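**Q** This is the structure I have questions about; it appears just below.
Every read-out reported here was derived from the displayed coordinates using simple, explicitly stated rules and does not represent laboratory data. Source: prediction; values computed, not measured. Cβ placement follows ideal geometry from the backbone for every residue including glycine, while neighbour counts extend to all protein chains displayed.
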Amino acid sequence: MRNGSRALIGKHAQVKRSMPSTVIGAFMTGVRSRCPQFINVLLSTRAFDDEVAKNMGATINQITLGMFGAMSFDFPDMAEQSCIGALFAKLDSLIALHQREFYLTKAV
């Protein structure tokens with residue numbers, strides 16, 4: 001949500017397990033969703049980057065909760081969100097697997 005570097009505004013990660021002893025830092029926010037894999041994909045799109053760029057202040061690198069709430073996106077129905085999220089999660093896993101294989105073979 002806030003950072004000294006404009007390039008880091010809007011960066012995100014999906015938390016995939018319960019972390020009850022974890023605190024969200026002052027410069028971050030948490031988003032809950034019924035379809036977190038889809039939201040993770042959405043936050044990786046050019047549409048999200050464009051919304052972030054529209055809302056950046058001239059001097060403070062931040063997205064306030066109000067700015068975040070005012071962003072507008074088109075959403076498919078929940079079934080399609082689930083399918084899209086699952087597809088991209090599988091692609092992410094496949095890419096990570098091939099990257100590991102590449103680095104392991106390169107190191108030999």
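**Q** Mind checking which of 45, 98, 7 is farthest towards the positive end of the stretch 6-107's charge dipole, using Cβ charges of +1 (Lys, Arg) and -1 (Asp, Glu) about the Cα centre?
**A** 98
**Q** If you bin the C-alpha pair distances of the chain every 10 Å from 0, what whole percents do you get?
**A** Calculated P(r), rounded to whole percents: 12, 36, 32, 17, 3, 0.
**Q** Please list 93-105, 74-86, 41-53 highest first by mean number of surrounding beta-carbon atoms within 10 Å per residue.
**A** Order by mean packing, descending: 41-53, 74-86, 93-105.
**Q** So which aspartates and glutamates pass the test for residue 11, namely a Cα distance under 19 Å, with those fewer than 8 places away in the same chain ruled out?
**A** Those aspartates and glutamates meeting the cut-off are 49, 50, 51, 92.
**Q** Run the numbers on the chain and let me know its relative contact order in percent, using alpha-carbon pairs under 8 Å that are six or more apart.
**A** Relative contact order comes out at 33 percent.
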